[in-house]
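The values are calculated or read from the model by the stated rules, or taken from the named source; none is laboratory data. Just so we're clear, the structure is a prediction, and the values are computed from it rather than from any experiment. All Cβ positions, even for glycine, are placed from backbone atoms using ideal geometry, and neighbour counts span all protein chains on display.
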Amino acid sequence: MSKHSITISVNGTDHSAEVDSRLLLVHFIRENLDLTGTHIGCDTTSCGACTVLINGRAVKSCTMFAVQANGAEVDTVEGMAEGGQLHPLQEGFWEKHGLQCGYCTPGMLMSAKHLLSKNPNPTEDEIRWGISGNLCRCTGYNKIVEAIQYAAEKLQQEEVAA
Amino acid sequence: MTVYHDPNKPRHVDDRVEVKHPVPEGASAKVETTEQIAVTTPPEVCGMGHRMKRKEDPRFIQGRGQYVDDVKLPGMLYMDIVRSPYAHAKILDIDASAALEMDGVLAVITGKDLEAHGLHWMPTLMSDTQMVLPTEKVVYYAQEVCAVIATDRYIAADAVENIFVDYDPLDAVVDPFKALEDETIVRTDKEVQTNRIWHWEVGDQAATDEVFANAKHVVKQYMHIPRIHVASIETCGMVANYNPATEKMQIYMTTQAPHAIRTVFALVTGLPEHKIQIISPDIGGGFGGKVPVYPGYVIGAVASLLLGKPVKWIEDRSENLQADSFARDYHLEAELAADENGKLVGLRVNGLADHGAADAAANPSKFPAGLFSICSGSYDIEATHVNFDAVYTTKPPGGVAYRCSFRVTEAVHMIERLTDMMAHDLGIDPAEYRMQNFIQPEQFPYKSATGWEYDSGNYPAALKKAMDMIGYDELRREQAEKRERGELMGIGISSFTEVVGAGPAKDYDILGIKMFDSAEIRIHPTGKAIARFGTKSQGQGHETTYAQIIAQELGIPANDIEVEEGDTDTAPYGLGTYASRSTPTAGAAAAMAARKIRAKAKKIAAHLLEASEEDLEWNVNQWQVKGSPDQAKTIQDIAFAAYTNHPDDLEAGLEATDYYNPPNLTFPFGSYICVVDVDKGTGEVHIRRFVAIDDCGNIINPLVVEGQVHGGLTMGLAPAMFEEIVYDEYGTCLTGTFADYLLPTAVESPKWETGHTITPSPHHPIGAKGVGESPTVGAPPAIANAVVDALWHLGVRHIDIPITPQKVWQALRDAGVSD
Ligand code: FES
Ligand code: FES
């Protein structure tokens, strides 16, 4: 198996490593970098538990090799809160009870972040479609939708204030 | 009437009869129903009834939860499993030589290796046996055949590909009705060569037959409640960490019942129980699938024991769907009888349970078909008789619950479908028909024909509220208009009764361990507290709700109470979290332990206030002198005194433990109404609205209850419309990935509309009943009834779940509607 030198920026910090060509990005994040907030729930790109942002776009990191992310900027749930301040999405999930077991949550947060970056004021339907690549077995989705609505509103207010 | 049991055939194991002891007086009663959630503590205390944000959430929303796959120990090895491509085959040879030559491969463990230690078989929770690894033959597709231990998970996976197993295929036994014929025997290891596992009956057969003989109206329906899988988003896994120096086996594992697992491990492996520590870390959803011991857990532990190193094993999704315990798979031939006035009088059921290759259910041991005998549901029915057989087939062993209290979902689906059919047959509106046949509020305490004593209930109130909320009469008018125009719209009701909270110890045990549960509370000198429990949250929010119960009882702010579960070295013994039992048992234990603390606190307060105990009264968070509330000692003052200034004749410290044994089960209930529109061309069912009114007794945290209900509803929608584990004729699983086994996403899941009534449990210390599973139990028949309601006028009487567009389209086509 050939080895590759890669450098990936994760949550704003560059990480260089020698990796096998077949190493999945999700394993690179979880095992090489010990960022275990990104989870694994399936083998078929179906569940979205592994969702991270790559150059701002939501990507299922179980379906990408680490080498493919060489040079990219990756954001994971661990980088969401800034300076001890929760991101409005994190706040929304907490306020609105958008999580139960928490296993899908990091992936949901990432998909939601991508959605709001494209569409800051989504309708309920757009939110539901926006997270339709992420499975949650616990919440029945109602409160995840509310959590994202909460964040959308808060982000917009922040925008206005700025 | 079909009776699956053939009296001429040998019966396997024993013929079982359900035993239920009388319920103590006062444990069931007529209780007033309200809608108002009682809140008696201020927000800073956050006792019962507050919409408290969950205490566990900060770690989850920041990616700081610790699930089993996040555990990383020095020198940790990885295990991967070779699985059978056949449902039934002899194993002729296992050639692991190529794998063992690979760099990084340390060991291959086969059934023969385990046999040397007597570990190739293990008991199931139903006292049946199950192979850990086979020595002679495999009995289900994807069964564990042998395991590889390697330094890295990629190498372990490569090694799996390098193990060559020679199989001699045998006939698969896929159809449980064929299994009854005993042509091919699945469990050839058993003394009696039959596929029959057990036969079980409950109720009075003669009385039921007589009621049927005299009944004016009878509806009869065969139903299959299909095999499904809990599919929690986190699969199962473990890190076994045996330390040869201390001889201690530490196991991190995805388990809902860590203490019971520790005892089972001790009994199976012979390791002394004090040298086994089970740690159940954060769990990514359980729903019953993380109650059993799977072969992988045992193999992983053995691997760690043999190699003296930590070994990690994490299932992938396909292994999880293909080989872990399934749920349901009940075939029911059911009949419901009514008299000339339409009053329901009799229920007769013949059931066949397909258990796969072992009875690996997780029921209380005296209840082989779980609590199925709750099947007369919310209705006052004079006579019920249930007759059940269970068989082995060449499918994975089971069946566990799928967010359900031991087979209650099957029972509820059946009675709610039958009642709806009867109403339609009699031409009476299904809501009105239910109102007529409900056990009425004044009939509580109600004793059912199958021996249950329902603790409390008010069924008309819940249905009425659901009807008002959804605008029932208006919907019926709309439906009539649409029908005129040839459009298909249906309204479905489900008025279910659950039975949860196992259980009274005299009747309920798992492998002989009584089903009590426990709480241990310690108040620190500064008035903060830690509380530990025998249960284990998998997302239910125990860290918050248990803290609120204690806050309610002691006035210590819920935020000042650390709740800990899942470490058997520190938590008090308990049976774990499943079957909605945590609030009824451990939640009760929390209240009882807190009350013990309050009693001791009173003595300390009397000492501090120089008053007599009789002169003190409790007020939110303090003991005060009656009539002069400014003469008071708060729980924090008292806690400090308990370590610094307690009376000489009193032990220091402020802590208590309670092992709570409930006098009866609890009977949550609710009424759900679903409105569907059916596309005539495609058979697609669109859920337009779904209203759910739940009554789970007193509410600890309305936010958490809403979340539990929403989640349960989506897990009820899932088997009603999408999910089924399917096998081909060779016993090969066809639904081994999320691409074939369809979990509802946010798009399929409707916007749930929920509400509540409150009819407290008369025997529970805080009047709560448990709620996590009610919606999974109640939702499927509401959906099925809605679809059938839309098609009834076309002659459609029943559609088995999952109600897929294809089934609906076929029904429409058979009715000459679709083309
Ligand atoms: S782990 Fe399921 S989509 Fe990546
Ligand atoms: S919160 Fe458990 S899977 Fe979403």
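Restricting attention to the range A:121-137 and to residues that are within 16 Å of ligand 1 (Cβ to nearest atom) and not polar (S, T, N, Q), the residue that is surrounded by the fewest Cβ atoms within 10 Å (Cβ to Cβ) turns out to be A:Gly133.
Quick check on the range B:403-410. Is at least one of its residues buried (at least 24 other Cβ atoms within 10 Å of the Cβ), touching a Cys at 6+ places or on another chain (Cβ under 7 Å), under 24 Å from B:Gly772 (Cβ atoms) and in contact (Cβ under 8 Å) with a residue 40 or more places away in the chain?
As a first pass, look at the range B:403-410 and keep what is buried (at least 24 other Cβ atoms within 10 Å of the Cβ): B:403-410.
Right, trim to touching a Cys at 6+ places or on another chain (Cβ under 7 Å) and you get none.
No.
A single entry from B:Lys528, B:Lys536 fulfils the requirement of being at negative phi and surrounded by 24 or more Cβ atoms within 10 Å (Cβ to Cβ): B:Lys536. Being crowded, with 24+ Cβ neighbours inside 10 Å, assigned by TED's automatic domain parsing to the domain that holds B:Gly670 and under 30 Å from B:Thr235 (Cα atoms): is that true of B:Val391 here? Yes, satisfied.
Taking the range B:683-721 as the range and being assigned to a loop (DSSP other than H, G, I, E, B) and either on the phi > 0 side of the Ramachandran plot or charged (D, E, K, R) (or both) as the test, the residues that pass are B:Gly683, B:Glu684. Within the option set A:Asn32, A:Asn55, A:Asn70, being more than 15 Å from ligand 1 (Cβ to nearest atom), more than 11 Å from chain B (Cβ to nearest Cβ), of a type in the set (S, T, N, Q) and touching a residue at least 60 places away in the same chain (Cβ under 8 Å) holds for one residue only, A:Asn70. No other residue among B:Gly527, B:Gly471, B:Gly555 is modelled with pLDDT of 95 or more and closer than 24 Å to B:Met435 by Cβ apart from B:Gly471.
Taking the stated definitions as given, is A:Gly48 within 13 Å of another protein chain (Cβ to nearest Cβ), buried (at least 18 other Cβ atoms within 10 Å of the Cβ) and at positive phi?
Numbers: within 13 Å of another protein chain (Cβ to nearest Cβ): yes; buried (at least 18 other Cβ atoms within 10 Å of the Cβ): yes; at positive phi: yes.
Spelling it out, A:Gly48 is indeed within 13 Å of another protein chain (Cβ to nearest Cβ), buried (at least 18 other Cβ atoms within 10 Å of the Cβ) and at positive phi.
Identify, from the list A:Lys60, A:Lys96, the residue that is among the charged types (D, E, K, R), surrounded by 19 or more Cβ atoms within 10 Å (Cβ to Cβ) and away from ligand 2 (no atom under 13 Å from the Cβ). Full working, then the answer.
On the way: A:Lys96 fails: away from ligand 2 (no atom under 13 Å from the Cβ).
When all the criteria are applied, what remains is A:Lys60.
Does A:Glu82 count as more than 30 Å from B:Glu319 (Cα to Cα) and surrounded by fewer than 24 Cβ atoms within 10 Å (Cβ to Cβ)? Step through it out loud before you land on a result.
Numbers: more than 30 Å from B:Glu319 (Cα to Cα): yes; surrounded by fewer than 24 Cβ atoms within 10 Å (Cβ to Cβ): yes.
The answer is yes for A:Glu82.
Residues in the range B:502-547 that are in a helix (DSSP H, G or I) and either of a type in the set (Val, Ile, Thr) or more than 14 Å from chain A (Cβ to nearest Cβ) (or both): 4 in all.
If only one of B:Ile279, B:Ile314 is within 14 Å of chain A (Cβ to nearest Cβ), of a type outside the set (Asp, Glu), over 24 Å from B:Phe406 (Cα atoms) and in contact with a strand residue (DSSP E or B) (Cβ under 7 Å, 6 or more places away or on another chain), which one is it? Answer to the selection: B:Ile314. Residues in the range A:73-92 that are free of Cβ contacts under 8 Å to residues at least 24 places away in the same chain and assigned to a loop (DSSP other than H, G, I, E, B) were compared, and the one that is farthest from ligand 2 (Cβ to nearest atom) is A:Gly83. For the range A:93-105, the criterion of being more than 9 Å from chain B (Cβ to nearest Cβ) and among the small types (Gly, Ala, Ser) is met by none of the residues. Scanning the range A:90-120 for residues that are within 16 Å of ligand 1 (Cβ to nearest atom) and among the aromatic types (Phe, Trp, Tyr) turns up just one, A:Tyr103. Regarding the range B:200-211, can at least one residue be identified that is more than 23 Å from B:Arg407 (Cα to Cα) and crowded, with 20+ Cβ neighbours inside 10 Å? Yes, that holds for at least one residue.
Does A:Ser111 count as in contact with a strand residue (DSSP E or B) (Cβ under 6 Å, 6 or more places away or on another chain) and either free of Cβ contacts under 8 Å to residues at least 60 places away in the same chain or among the aromatic types (Phe, Trp, Tyr) (or both)? Answer is no for this residue.
Looking at the structure I just gave you, is B:Arg262 more than 16 Å from ligand 1 (Cβ to nearest atom), away from every other protein chain (no Cβ under 14 Å), charged (D, E, K, R) and farther than 30 Å from B:Met422 by Cβ? I'd like the intermediate steps shown before the answer.
On the way: more than 16 Å from ligand 1 (Cβ to nearest atom): yes; away from every other protein chain (no Cβ under 14 Å): yes; charged (D, E, K, R): yes; farther than 30 Å from B:Met422 by Cβ: yes.
Against the criterion (more than 16 Å from ligand 1 (Cβ to nearest atom), away from every other protein chain (no Cβ under 14 Å), charged (D, E, K, R) and farther than 30 Å from B:Met422 by Cβ), B:Arg262 qualifies.
The condition (being within 14 Å of chain A (Cβ to nearest Cβ), touching a Gly at 6+ places or on another chain (Cβ under 7 Å) and among the aliphatic types (A, V, I, L, M)) is satisfied by just one residue among B:Leu321, B:Leu332: B:Leu321. For the range B:31-45, the count of residues that are in contact with a helix residue (DSSP H, G or I) (Cβ under 6 Å, 6 or more places away or on another chain), surrounded by 15 or more Cβ atoms within 10 Å (Cβ to Cβ), touching a residue at least 60 places away in the same chain (Cβ under 8 Å) and within 14 Å of chain A (Cβ to nearest Cβ) is zero.
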